[in-house]
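What follows is a single structure, and I will ask about it in a moment.
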Amino acid sequence: MKIAIIQFPGSNCEYDALHVLKNVFRQDTHLVWHKDFNSGDFDAVILPGGFSYGDHLRAGVIAAYSPAMRHVREMAAEGKPVLGICNGFQILIESKLLDGALLQNNCLTFVCKWVNLRVETTRTPFTKFINESSILRIPIAHKEGRYVNTRRRIKELYDNDQIVFKYVDENGFESSDSNPNGSMDNIAGICNLDGNVVGLMPHPERASETILSPYKTEHGRLIFESLIKYFNGGR
Amino acid sequence: MKEYTVEVVIESKPYAKDPEGMTIMRDLMHKTGYERVNSVRTGKFLRIKVSAENGEEAKNYVVKMINDLRIYNPVAHTYSIVLKESTG
């Protein structure tokens, strides 16, 4: 499996993702400048976190018009796995590869903390080998992460099994206290209809080694391991 | 061609909460005695100068552009547009 991590001007989590995939999982992973990206022989692509184009106008919207996104769209259409983390999720939303909007957090501030995520579906390459309803401890770090959509579209997301992660408390229950940004229905991550394009606000790449976790957990690994197993015959 | 000024205001749709507007109203206006304020919605303002043959064309050009380039996210935002006097 050959994985691309696309670097936009203002990306700042690309090396974290590269470190995890290359050094922790020993995967053939390449950092590619957005202008040089060509879907070519890549099997999967990751849009990393950060502040592409300084979040000007609206987080992710300028990167959505990078020529790189044309290739990402092609890969998505071919059914290849596409993962958007934080700003990468915002770019997928603004590219219309995922539906909805990510608005300013309810609390109006940048929120950086560890949250609990419940896995809502195992039909994506990134969750296929995680038990449904597992609780993952993974940190968030964003100011524009409040997922918003019309009630009708949110119902469709449920009906089509497109909600991938929700913010929950440590017992796995949804509550307003466990919702760090005011997202509708505690939504932390969603996927497209086919399930191969996934976006989430939390950062699994920051939660893949016990040394980086105050809880000595490494739950972020599960998401990358799932992708690797998916390619190693687990489709 | 003349130069026209087109002003675009982008704001959240009514169903999307606007915590910034709510904070300005509740924690600033109401707390300082401006209790007759019933609602505040914040948004983004773009003043665009554009060359065109006439005002109608200038406005249409901007409408097409803000839709093409997703200057607003139609899921969560609405926009309003005002053509100002020719400045050219």
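The values are calculated or read from the model by the stated rules, or taken from the named source; none is laboratory data. Predicted model only: the values in this text are computed from it and were never measured. We place every Cβ from the backbone using ideal geometry, glycine too, and count neighbours over all the protein chains shown.
Regarding the stretch B:56-64, can at least one residue be identified that is modelled with pLDDT of 95 or more, acidic (Asp, Glu) and out of contact with any Gly (no Cβ under 7 Å at 6 or more places or on another chain)? Show your work before the answer.
Quick first cut of the stretch B:56-64, residues modelled with pLDDT of 95 or more only: B:56-64.
Subsequent filtering for residues that are acidic (Asp, Glu) retains B:56-57.
With the extra rule that they be out of contact with any Gly (no Cβ under 7 Å at 6 or more places or on another chain), the set shrinks to B:56-57.
There is at least one residue in the stretch B:56-64 that is modelled with pLDDT of 95 or more, acidic (Asp, Glu) and out of contact with any Gly (no Cβ under 7 Å at 6 or more places or on another chain).
Which of the strands (runs of 3 or more DSSP E) found entirely inside the stretch A:135-204 contain at least 1 residues meeting this: farther than 14 Å from A:ARG118 by Cβ and in contact (Cβ under 8 Å) with a residue 24 or more places away in the chain? Walk me through how you get there before you give the answer.
Details: elements: A:135-142, A:146-148, A:163-168, A:187-191, A:197-200.
Where strands (runs of 3 or more DSSP E) fall fully within the stretch A:135-204 and carry at least 1 residues being farther than 14 Å from A:ARG118 by Cβ and in contact (Cβ under 8 Å) with a residue 24 or more places away in the chain, they are A:135-142, A:146-148, A:187-191, A:197-200.
Could you list, in sequence order, the residues of the stretch A:144-193 that are under 25 Å from A:VAL61 (Cβ atoms) and small (Gly, Ala, Ser)?
A:GLY145, A:GLY182, A:SER183, A:ALA188, A:GLY189
Matching residues to (1) more than 28 Å from A:MET75 (Cβ to Cβ); (2) within 14 Å of another protein chain (Cβ to nearest Cβ); (3) surrounded by fewer than 17 Cβ atoms within 10 Å (Cβ to Cβ); (4) in contact with a strand residue (DSSP E or B) (Cβ under 9 Å, 6 or more places away or on another chain):
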site	(1), (2), (3), (4)
A:ASP99	no, yes, no, yes
A:ASN106	yes, yes, no, yes
A:ASN116	yes, no, no, yes
A:VAL119	no, no, no, yes
A:THR127	no, no, no, yes
A:TYR147	no, yes, no, yes
A:LEU157	no, yes, no, yes
A:LYS166	no, no, no, yes
A:ASN171	yes, no, yes, yes
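Away from chain A (no Cβ under 13 Å), in contact with a Ser or Thr (Cβ under 6 Å, 6 or more places away or on another chain) and not small (Gly, Ala, Ser), is that true of B:LYS49?
Working: away from chain A (no Cβ under 13 Å): yes; in contact with a Ser or Thr (Cβ under 6 Å, 6 or more places away or on another chain): yes; not small (Gly, Ala, Ser): yes.
Spelling it out, B:LYS49 is indeed away from chain A (no Cβ under 13 Å), in contact with a Ser or Thr (Cβ under 6 Å, 6 or more places away or on another chain) and not small (Gly, Ala, Ser).
Now for a different question. Go through the stretch A:65-88 and give me each residue that's within 14 Å of another protein chain (Cβ to nearest Cβ) and either surrounded by 20 or more Cβ atoms within 10 Å (Cβ to Cβ) or at positive phi (or both). Don't jump to the end; show me each part of the working.
Taking the stretch A:65-88 and keeping what is within 14 Å of another protein chain (Cβ to nearest Cβ), we get A:65-66, A:69.
Answer for the stretch A:65-88, where residues must be within 14 Å of another protein chain (Cβ to nearest Cβ) and either surrounded by 20 or more Cβ atoms within 10 Å (Cβ to Cβ) or at positive phi (or both): A:SER66, A:MET69.
Just to be sure I understand, how many residues within the stretch A:89-131 are touching a residue at least 40 places away in the same chain (Cβ under 8 Å) and small (Gly, Ala, Ser)?
Looking only at the stretch A:89-131, we keep the residues that are touching a residue at least 40 places away in the same chain (Cβ under 8 Å), and these are A:89-93, A:97-107, A:111, A:113-121, A:123-130.
Then drop every residue that is not small (Gly, Ala, Ser), which leaves A:100-101.
Number of matching residues: 2.
Those residues that are surrounded by fewer than 18 Cβ atoms within 10 Å (Cβ to Cβ), part of a loop (DSSP other than H, G, I, E, B) and among the polar types (S, T, N, Q), I need them from the stretch B:46-85; list them, please.
Residue satisfying the conditions is B:ASN54 alone.
Read through the list (1) more than 27 Å from A:MET1 (Cα to Cα); (2) within 14 Å of another protein chain (Cβ to nearest Cβ); (3) not aliphatic (A, V, I, L, M), then give the number of the only condition that A:SER95 fails.
(1)
Oh, and also: Output the residues belonging to the stretch A:49-64 that are away from chain B (no Cβ under 14 Å), assigned to a loop (DSSP other than H, G, I, E, B) and either surrounded by fewer than 24 Cβ atoms within 10 Å (Cβ to Cβ) or free of Cβ contacts under 8 Å to residues at least 60 places away in the same chain (or both). If you could, list the steps in order and put the result at the bottom.
Going through the stretch A:49-64, the residues away from chain B (no Cβ under 14 Å) turn out to be A:49-52, A:54.
This time we only want the ones that are assigned to a loop (DSSP other than H, G, I, E, B), so: A:49, A:51.
Listed by number, the list holds a single entry, A:PHE51.
Of everything in the stretch B:5-45 that's more than 13 Å from chain A (Cβ to nearest Cβ) and assigned to a strand (DSSP E or B), which residue is surrounded by the most Cβ atoms within 10 Å (Cβ to Cβ)?
In this case the residue turns out to be B:VAL6.
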